[in-house]
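> This is the structure, below, for whatever I ask next.
The values are calculated or read from the model by the stated rules, or taken from the named source; none is laboratory data. All values derive from a computational prediction rather than experimental measurement. Virtual Cβ from ideal backbone geometry, glycine too; neighbours counted across all protein chains shown. Accessible surface areas use protein heavy atoms only, side chains included; no ligands, DNA or RNA. Shrake-Rupley method; radii C 1.70, N 1.55, O 1.52, S 1.80 Å.
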Amino acid sequence: MGAFTKETFVQKLEAQGIVLSTKQLQQFETYAKLLAQWNEKINLTAIVEENEVYEKHFYDSVLPFLHMDMQCLCDVGAGAGFPSIPVKILYPQLEVTILEPLAKRIRFLEELCAQLSLTGVHCLHVRAEDHAKEHRECFDVVSARAVAALPVLSELCLPLVKVGGRFIAMKGPGANEEIEAAKHAVKVLGAEMEKREESRLSDGAVRINVFYRKQRPTDRRYPRNFGQIKKHPL
Ligand SMILES: C[S@@+](CC[C@H](N)C(=O)[O-])C[C@H]1O[C@@H](n2cnc3c(N)ncnc32)[C@H](O)[C@@H]1O
């Protein structure tokens, strides 16, 4: 398989019926540049080489959300903006809320949104479990990539999802074990697994996106504080 490039990204989206405008292409280019620039000052990501950014950050981020019917997305632990900022570039009308406890990453995200002229992105310097205490069940979709193991992640994310909405956990090859380990937590928190989608990067690495659907409200006891969640996952 040949190298994945910016052109591959554009072609893969076109194959899905999505044609990027000049503005959107420029936004992705500026994003890749800012990522590399800021990464010299603060630790944002190990991936800054342009082709890799287009495949492992941009394409990987948008893949689970293509043609998804949603108005508001919450991204738990977005770090340098993944997956939510590429999804926002693709769907400019989307309302995005980012929950991220590292202040430096929030500063990067605010600067990024200003440079890309993105409106309707709320970058909140807060942990998911703290935000969920007051903002329950208000998002169509909650996403998290590379944040925590599924039994823990479910408790951070599912209380934020509207009944009928989705939680999308973006995982690597260990997803199957995590899905098994999280079964009880997901049930207690009021959700059911809908599907899992597996894909491969050009270097053969496996990505597994796990989709959950919220069936009923989550008991107000959850999420607990992080110490309890981590020490005694549901
Ligand atoms: C490995 S990084 C992944 C960043 C990004 N999602 C990505 O895929 O590139 C994990 C991020 O989760 C954030 N995080 C960890 N615990 C969190 C919590 N309880 N609530 C919200 N964010 C959290 C960290 O600050 C960090 O930025």
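> Read through the list (1) open to solvent by less than 10 Å² (accessible area, probe 1.4 Å); (2) closer than 20 Å to Gln24 by Cα, then give the number of the only condition that Cys74 fails.
The failed condition is (2).
Condition check ((1) touching a Leu at 6+ places or on another chain (Cβ under 9 Å); (2) within 13 Å of the ligand (Cβ to nearest atom); (3) more than 23 Å from Asn43 (Cβ to Cβ); (4) touching a residue at least 12 places away in the same chain (Cβ under 8 Å)) across all residues:
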site: His67; (1), (2), (3), (4): no, no, yes, yes
site: Cys74; (1), (2), (3), (4): yes, yes, yes, yes
site: Gly77; (1), (2), (3), (4): yes, yes, no, yes
site: Ala80; (1), (2), (3), (4): yes, yes, no, yes
site: Pro83; (1), (2), (3), (4): yes, yes, no, yes
site: Leu94; (1), (2), (3), (4): yes, no, yes, yes
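> Using the structure shown, decide if Ile106 is buried (at least 17 other Cβ atoms within 10 Å of the Cβ), touching a residue at least 40 places away in the same chain (Cβ under 8 Å), in a helix (DSSP H, G or I) and more than 9 Å from the ligand (Cβ to nearest atom).
On the way: buried (at least 17 other Cβ atoms within 10 Å of the Cβ): yes; touching a residue at least 40 places away in the same chain (Cβ under 8 Å): no; in a helix (DSSP H, G or I): yes; more than 9 Å from the ligand (Cβ to nearest atom): yes.
Answer is no for this residue.
> With (1) open to solvent by 30 Å² or more (accessible area, probe 1.4 Å); (2) away from the ligand (no atom under 16 Å from the Cβ); (3) more than 21 Å from Met68 (Cα to Cα) as the list, and Arg166 as the residue in question, which single condition is left unmet?
Here Arg166 meets the rest and fails (3).
> Also, I was wondering about something else. Against the condition open to solvent by less than 60 Å² (accessible area, probe 1.4 Å), more than 13 Å from the ligand (Cβ to nearest atom) and more than 14 Å from the chain's Cα centre (by Cα), how does Glu55 come out, does it pass?
Considered against the rule, which asks whether it is open to solvent by less than 60 Å² (accessible area, probe 1.4 Å), more than 13 Å from the ligand (Cβ to nearest atom) and more than 14 Å from the chain's Cα centre (by Cα), Glu55 comes out as yes.
> Right, another one. Look at region 183-229 and say how many of its residues are more than 16 Å from the ligand (Cβ to nearest atom) and hydrophobic (A, V, I, L, M, F, W, C).
5
> Let me ask you something else. When region 198-234 is examined, which residues are found to be open to solvent by 50 Å² or more (accessible area, probe 1.4 Å) and over 27 Å from Glu137 (Cα atoms)?
Passing the criteria: Glu198, Arg200, Asp203, Arg207.
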